[in-house]
1. Holding the Cα-Cα limit at 21 Å, pick out from K51/K139; K58/K139; K51/K74; K51/K150 the pairs that are longer than that.
2. What residues have an amide H closer than 5 Å to that of D148, excluding those fewer than 5 places away on the same chain, when H is modeled at 1.01 Å from N in the peptide plane?
3. Amide H of F39 versus every other amide H placed in the peptide plane: which residues, excluding those fewer than 5 positions away on the same chain, fall under 5 Å?
4. Subtract the Cα-Cα distance of S146 and K58 from 0.36 nm times their separation in residues, and report this length gain in nm to one decimal.
5. Mind listing the long-range amide H neighbours of L70? Cut-off is under 5 Å, sequence gap 5 or more, other chains count too, H placed in the peptide plane at 1.01 Å from N.
6. When ranked by the protection proxy of mean other Cβ atoms within 10 Å per residue, highest first, what sequence do the peptides 125-135, 40-50 form?
7. I'd like the Karplus ³J(HN,Hα) series for region 133-150: coefficients 6.51, -1.76, 1.60, θ = phi - 60°, whole numbers in Hz, and an x wherever there's a Gly or Pro.
8. Count the net charge of all other residues whose Cβ sits under 15 Å from the Cβ of E22, scoring Lys and Arg as +1 and Asp and Glu as -1.
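Read the figures in this text as sums done on the coordinates, not as results from a lab. In this text, all values refer to a predicted model and were calculated from it rather than measured experimentally. With ideal geometry, Cβ positions are generated from the backbone for all residues, glycine too; neighbour counts draw on all protein chains shown.
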Amino acid sequence: MRAAILAATAAAVVLAVGCGREVPRGRIHGTVTYQGKPFPGTVIFLATDNKTHLAELKPDGSYDVTGVALGPIKVSIQQPAPRYAVKGEFEVPSASKGVKDEKAGKSAAQYDPQPKPSGPRVPAQYADSNNSGLDFELKSADQNWSVDLK
């Protein structure tokens, strides 16, 4: 009986110590470019602890993110959504389809359905961390990771 209590106590201590273990973390910094030019957007790191770390890219393409768990890292790159231009004059649509609202009148601006890119457009594969091909291993507490997207 005494051996069973001692074994249970030892198991409880081992489990309690194991649960409180701190995951080593590090800093990732570097630049993201597209065809050699700084890229506007966001770089997203998915660490082994399933936490995501976002870093807005600066005008020169550089970024800095801290607190990332060491180990394998999956990466995705998000780019700003295209902006839509507004020009000319258009009629304001009414709430009911097919019903013309004479009070609505005309507006001084018109929606242009063609998006105007706010920067270079990169292949969509980079937006998916499972298919981006940008995985790497975070091995140290301070690591540079730079990439030139093609």
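1. Numbers: K51/K139 17 Å; K58/K139 25 Å; K51/K74 11 Å; K51/K150 27 Å.
As for pairs spanning more than 21 Å Cα to Cα, those are K58/K139; K51/K150.
2. Residues meeting the criterion, in which the H sits 1.01 Å from N, are T33.
3. The list, which skips near neighbours in sequence, is V32, Y34, G61.
4. Between S146 and K58, full extension yields an extra 30.3 nm.
5. R25, G26
6. Details: 125-135: 15.2, 40-50: 17.5.
Per-residue Cβ counts within 10 Å, averaged per peptide and sorted highest first, yield 40-50, 125-135.
7. x, 9, 5, 7, 10, 7, 9, 10, 6, 8, 10, 8, 9, 10, 8, 10, 6, 10
8. +2
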